[in-house]
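The values are calculated or read from the model by the stated rules, or taken from the named source; none is laboratory data. What you see is a predicted model; the values in this text were computed from it and never measured. Cβ coordinates were reconstructed from backbone atoms using ideal geometry, including for glycine residues, and neighbour counts include every protein chain displayed.
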Amino acid sequence: MTNDPTRPTECAAVFVVRDIAASLAYFRDALGFDIAFTWGEPTFYVGVCRGKVTIHLQAASQTSRPAGASALSVFVGNADDLHGELVRRGARVLKEPATYPYGMRDFDVSDLDGNTLIFGSPDPPMSTYRGEFRYVFHSPRELFDATVAFYRDALRFPVVGGFANGTYFQASAGVIEVITDPPREPGAAAPADPYRPPHKGWLLIEVPDLDAAYQRLIDAKSAPLWAPQDRAWRFRDVGVKDPCGNLVCLFCRLEGWEQHHG
């Protein structure tokens with residue numbers, strides 16, 4: 001994939017507010033946002049962020065748009081946990097958490113001017129799975145319980161569903177990679193690479209803290225195939241096989257990743 005300079009990379013909602021100082025304090029203290037920047041003398045435009053969510057606040061005196069007329073949906077890991085936190089902080093909760101047929105559990109919060117934030121998390125029992133990628137493999141009956149325990153306990157993947165003879169785990173957003181050997185001179189030896197055949201395929205999963213994940217594998221007696229290593233293609237990884245023999249590689253990105261991967 002080549003870099004596309006026209007591809008959108010980030011976005012920010014813009015909320016119009018009447019009192020920029022009071023709104024900034026509310027987003028910081030009641031909603032748990034960090035202050036990203038302030039602009040103007042006196043200040044009339046600010047940015048706040050929490051996780052990957054960015055909101056810009058604009059003083060009503062600087063625009064013809066009315067204050068309090070915006071809304072934003074924010075996806076979180078657990079709506080109930082966040083609701084409890086925001087209640088303790090003193091946020092203005094408009095609607096308590098509830099589960100809906102469209103597969104979300106969400107609640108509504110207002111800022112000081114009536115701009116609305118809808119915080120929601122997927123509700124797996126009611127979700128209709130669309131457009132997702134799944135890696136599916138068959139486990140012998142005698143290895144099934146050990147395999148489920150490996151993904152649940154050693155890799156810490158949450159169980160999100162299943163049926164009588166199957167279990168669903170939530171992994172992460174993903175892509176499909178098709179790779180081959182890099183070019184080399186005739187007769188040159190193949191590069192040392194843990195991902196080369198005889199593996200037919202494997203799980204490659206990004207984790208936030210590779211060393212912590214490696215230690216969990218050690219603690220779970222899951223026998224990693226190698227200790228964390230830095231790769232020339234700018235990620236750091238560790239490999240392990242599940243009880244069925246499937247290769248699972250955990251990785252984190254290193255500085256310079258963007259120059260090697262489009």
### Task
Only one of these is more than 30 Å from Glu258 (Cβ to Cβ) and either in contact with an Asp or Glu (Cβ under 6 Å, 6 or more places away or on another chain) or β-branched (Val, Ile, Thr) (or both): Ala30, Ala67. Name it.
Ala67
### Task
Please work out if Arg50 is without any contact (Cβ under 8 Å) to a residue 40 or more places away in the chain and touching a strand residue (DSSP E or B) at 6+ places or on another chain (Cβ under 7 Å).
yes
### Summary
Checked segment 216-262 for anything farther than 25 Å from His138 by Cα and of a type in the set (S, T, N, Q); matches are Gln229, Gln259
#### Entry: Filtered residues of segment 221-235 (kept if modelled with pLDDT of 90 or more and touching an Asp or Glu at 6+ places or on another chain (Cβ under 9 Å))
Ser222, Trp226, Pro228, Gln229, Asp230
### Task
State which residue pairs qualify: first residue closer than 15 Å to Asp19 by Cβ and inside segment 59-76, second residue of a type in the set (Lys, Arg) and surrounded by fewer than 17 Cβ atoms within 10 Å (Cβ to Cβ) in any location, beta carbons under 7 Å apart, and separation of 6 or more residues or different chains.
Ala60/Arg18; Ala67/Arg18
